[in-house]
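The values are calculated or read from the model by the stated rules, or taken from the named source; none is laboratory data. The model shown is predicted, which means the values in this text are computed figures rather than measured ones. Cβ placement follows ideal geometry from the backbone for every residue including glycine, while neighbour counts extend to all protein chains displayed.
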Amino acid sequence: MIEVKHDKGLDPFVDDNEDQIEGTTEQSEASLGQDTVYLTCHESIQTRHTVFQALVIADCARLLRWDRSGAVVTCKIPLSDPDFFEFFWRFCHLGPEERGWDMMMEKPDRKARTGGGREGTGIEGDVKYYTKISLGKGTYITHRIFSGTQSPFGRGTRGYSAYCLTTNRVVFLKSTWRVVGDGRMPEHEIYDVLHAKNVTHIPTVVEYAEVKNHVTKTQDAPDSWRKKNVKNLRRFQHYIIVFEELCRKFEKFQSHKQLLTAFTHAAEAHQQAIDDACILHRDISAGNILITREGNGLLGDWDMAKHLDDIKDGSPQPERTGTFQFLSARFVSDEYDFGPHDRKDDVESFFHTLQWIVLRFVHHGMEPVRLGETLYSVFDATTPGPKGLVRCRGRLVCLQNSIWVRCANLTDILRDLLEDLGKTINSRYIPANDMDRAKQHYEKYQTLQKQLQLDPAQSNPDKIESLGEKRELAKLAILYEDLGSAN
């Protein structure tokens, strides 16, 4: 990747600052942002484990090597320096794998593309864009990405609808970069523990593989290369895992009942994992709750999960764990120091996930302008915080004042659930006994469960949908039980 800038002021980096390499002027910050966007687009179009870049600024250049852990940047090199041209000579003599291409992705033969590939995956499109991935047990034909990432760093998870040529079945293939160390188990081992404890509503693993030689290197750069503001970088390993269930995204629910059913099943899986297997998910988000073909819910993406003992005994993490839009308010507020991620943080993430889904995908009466402002302030607005972390003050305000729920003209069931759950979670942040408040709501939903056993609406077809919603709502007493539990 080559980027040319004629103005020296557009150099994103500096060489004379011992604390950091990033420039601090408005021009340099904008230039670095633009460069990162280009990198993100480059990685989203091509499957790569490494990206090399030549950044030309006026009469000088910098060479960069990007991977999922970070980037290594050279000092300025004059364009007349022979070493600059030697880099290109050496690069041209490298093979595709050494240049950063992910050679796990291959082009399938014509029979695989035109036969089982298109029919099995059910995805329309030009067959020339199908790819083939061979693992230990099977060979898979994939097409476009089912779900992807918009960041050049971190896990870079991609999900594919895949047709297995070995079994003639459609499955879900997940390609990601997992963190090595920090007390993390590979995701397939977590699923082994969960299934051994009979945890329900979780995906079924078909097979997995760690891709040979696909390990980040930036974290191994010597200390003499590092600026003072560089944190300890993590090591990432390219990892592929295949699941038996090909699901729909949570946002693709087909009714309010299905929405609450999937949400409830995910909450049940979460509770069972903690109570029976001592595993905490730590990344509850809209992308990790799935809907099966039968309309049931699954809680997936357990790659950030940890055993409760490892969380208590482990060292502090370099950054917060989870998806920013759904992190608990204490992780994105200046007023609270955050310790280890705990059970209540996950429950709060369930709440933020549900209100995000309701705001975006449920028909309601909020005006478009106000809807956009609410979504931005609660989930996406960021301000600089201490230690380089960003904050989102609107999330705590949303917990303290659920006015948008009341003015959105939602159904009674959704409105009551969001208001009750929001008030209960907010009790974490005020000097009150949240155990008592959680107990009140827990008893409320237990009472609802008992009432439903004798509900005459069961014989009224016009009320079946509403009855189904109430039944799923009653099951959500487990969330209030979690909020009232010890961490």
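Scanning the stretch 196-216 for residues that are not small (Gly, Ala, Ser) and not in a loop (DSSP other than H, G, I, E, B) yields a count of 10.
Each row is one residue, and each column tells you yes or no for (1) in the same structural domain as residue 156 (by the TED database); (2) surrounded by fewer than 18 Cβ atoms within 10 Å (Cβ to Cβ); (3) not polar (S, T, N, Q).
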residue: 194; (1), (2), (3): yes, no, yes
residue: 203; (1), (2), (3): yes, no, yes
residue: 207; (1), (2), (3): yes, yes, yes
residue: 212; (1), (2), (3): yes, yes, yes
residue: 218; (1), (2), (3): yes, no, no
residue: 232; (1), (2), (3): yes, yes, no
residue: 238; (1), (2), (3): yes, no, yes
residue: 253; (1), (2), (3): no, no, yes
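Selection of first residues in the stretch 127-155 that are not assigned by the TED database to the domain that holds residue 38 and at pLDDT below 85 and of second residues that are in a loop (DSSP other than H, G, I, E, B) and buried (at least 16 other Cβ atoms within 10 Å of the Cβ), restricted to Cβ pairs under 6 Å at least 6 apart or on distinct chains, gives the following pairs, ordered by first then second residue: 130/108; 143/123; 143/130; 149/156; 149/157.
Residue-level analysis places residue 287 among those that are small (Gly, Ala, Ser), surrounded by fewer than 23 Cβ atoms within 10 Å (Cβ to Cβ) and touching a strand residue (DSSP E or B) at 6+ places or on another chain (Cβ under 7 Å). The helices (runs of 4 or more DSSP H) falling completely within the stretch 348-423 that include 2 or more residues that are more than 18 Å from residue 331 (Cβ to Cβ) map to 368-375, 403-407. For the stretch 1-120, the strands (runs of 3 or more DSSP E) that sit wholly inside it and include 3 or more residues that are under 29 Å from the mean Cα position of the chain (by Cα) are 51-57, 60-67, 70-73.
Could you grab the pairs with beta carbons closer than 7 Å, sequence gap of 6+ or different chains, first residue in the stretch 276-293 and of a type in the set (Val, Ile, Thr), second one surrounded by 19 or more Cβ atoms within 10 Å (Cβ to Cβ) and in a strand (DSSP E or B)? Taking only residues 6 or more apart or on different chains, the pairs are 289/297; 289/299; 291/297; 292/298. Please indicate, with yes or no, whether at least one residue in the stretch 270-283 is on the phi > 0 side of the Ramachandran plot, at pLDDT below 95 and of a type in the set (D, E, K, R). Scanning the stretch 270-283 turns up at least one residue that is on the phi > 0 side of the Ramachandran plot, at pLDDT below 95 and of a type in the set (D, E, K, R).
The numbered conditions (1) over 22 Å from residue 417 (Cα atoms); (2) touching an Asp or Glu at 6+ places or on another chain (Cβ under 9 Å); (3) not assigned by the TED database to the domain that holds residue 159 are all true for residue 279 except (2). For the stretch 352-367, the set of residues classified as over 16 Å from the mean Cα position of the chain (by Cα) and not β-branched (Val, Ile, Thr) consists of 355, 359, 360, 361, 363, 364, 365, 366, 367, listed by residue number.
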